[in-house]
Amino acid sequence: MLPAEYRQVLDTWGPEGLAGSGSHDYTIEEDTFVPEDYTWIPGQHQRPEPLYAWYGLSVACGVGVALGAAAEAIDNAREVLADKTSKATMRPVTEEPAVRASFSKAATMVGASRSYVFDTLGDISATLESGLDLSYDQRARWAGAVVHAGTSCRDAVQLLVDTVGSAALQRSSPLHRLLHDLNMIAQHGLTQRRVWDWSGALYFGKRPPVPAY
């Protein structure tokens, strides 16, 4: 890694979701000298605190984004639905069983994901704070919790968009933005569907090809 002045940022990031992350590509001149203090290998750590004891904790940042985006979507959809009248029946949509059931299902999907992430991460944190190594089962549960949260939160917000209707597809709608953000998170290399395979491999004592799990 090098300070920003050594890099030339390339304007290559133009996605539908997570546009604010500014995840552009960059280049470094081929003959740039990199001091040893600026080098590192994923999976190794140079600080003793529990937060830095395991590389896999870095993935928690992305999980937090997914859970936060989904929680915001639930709040927004609830507000929109509470004030919406059906153009077909001229009655409040909250009187429709399908609308109420869909909202409840979406909220439960997000809540279940959040609970499993907190439970799994709490167990991992306690182990690391005790100075012990994580078991393969703990790592497997964490990998599963990450991919489950990413995909379930995306699916829950898609359900909310379907429930709110065309208003949620307007560019001005927070639900429109949040769904695109969660679609991007669900495609990230450490949260996409391949992580299910890595989680399953860990349950059988096999390391995944990346140190994040």
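What follows is calculated from the coordinates using simple rules that are stated; it is not laboratory data. Given the structure is predicted, the values throughout are model-derived calculations rather than measurements. Cβ: placed from backbone, ideal geometry, glycine included. Neighbour counts: every protein chain shown.
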Report summary line: For the chain, the longest principal axis of the Cα atoms and the Cα long axis of helix 174-186 enclose an angle in degrees, to the nearest 10, of 40
Report summary line: Ranked output for segments 31-40, 13-22 by mean other Cβ atoms within 10 Å, highest leading, reads 13-22, 31-40
Query raised in the report: About the Cα centre of the chain, what is the dipole size in debye to 20, counting +1 per Lys and Arg Cβ and -1 per Asp and Glu Cβ, all else neutral?
Result: 1040
Query - Of Tyr38, Ser21, Leu2, farthest towards positive along the dipole that unit charges on Lys, Arg, Asp, Glu beta carbons give the stretch 1-45 - result: Ser21
Query raised in the report: Across the stretch 196-207, in residue order, what do the Karplus-derived ³J(HN,Hα) couplings come to in whole Hz, using 6.51 cos²θ - 1.76 cosθ + 1.60 with θ = phi - 60° and x for Gly and Pro?
Result: 4, 5, 5, 4, x, 5, 5, 4, 10, x, 10, 6
**Report entry** Calculated [θ] (222 nm, deg cm²/dmol) that DSSP helices of n ≥ 4 give over the chain, each run adding -39,500 (n - 2.57)
**Finding:** -17500 deg cm²/dmol
Query - Whether the chain is rounded, prolate or oblate, judged on the alpha carbon gyration tensor where a/c under 1.5 counts as rounded - result: oblate
Requested in this report: Could you tell me which trypsin sites (Lys or Arg not before Pro) in the stretch 142-190 are loop residues by DSSP with no more than 16 other beta carbons within 10 angstrom of their beta carbon?
Outcome: Arg171
Query raised in the report: For the chain, what relative contact order do you get, as a whole percent, if you take Cα pairs closer than 8 Å and at least 6 residues apart?
Result: 25
Query raised in the report: Between Ser115 and Asp83, what length in nm is gained on full extension when 0.36 nm per residue of separation is reduced by their alpha carbon distance?
Result: 8.5 nm
Requested in this report: Straight distance only, please: which lysines reach the Cα of Lys105 with their own Cα at less than 29 Å, same-chain residues fewer than 8 apart left out?
Outcome: Lys84, Lys87
Query raised in the report: Given R₀ = 35 Å, FRET efficiency for Val210-Arg171 by Cβ-Cβ distance, to 0.05?
Result: 0.50
**Report entry** Contact order relative to length of the stretch 150-213, as percent, for alpha carbon pairs under 8 angstrom and 6 or more apart
**Finding:** 27
Requested in this report: Note the angle between two axes, namely the Cα long axis of helix 97-129 and the longest principal axis of the Cα atoms of the chain, as a number of degrees from 0 to 90, rounded to the nearest 10.
Outcome: 20
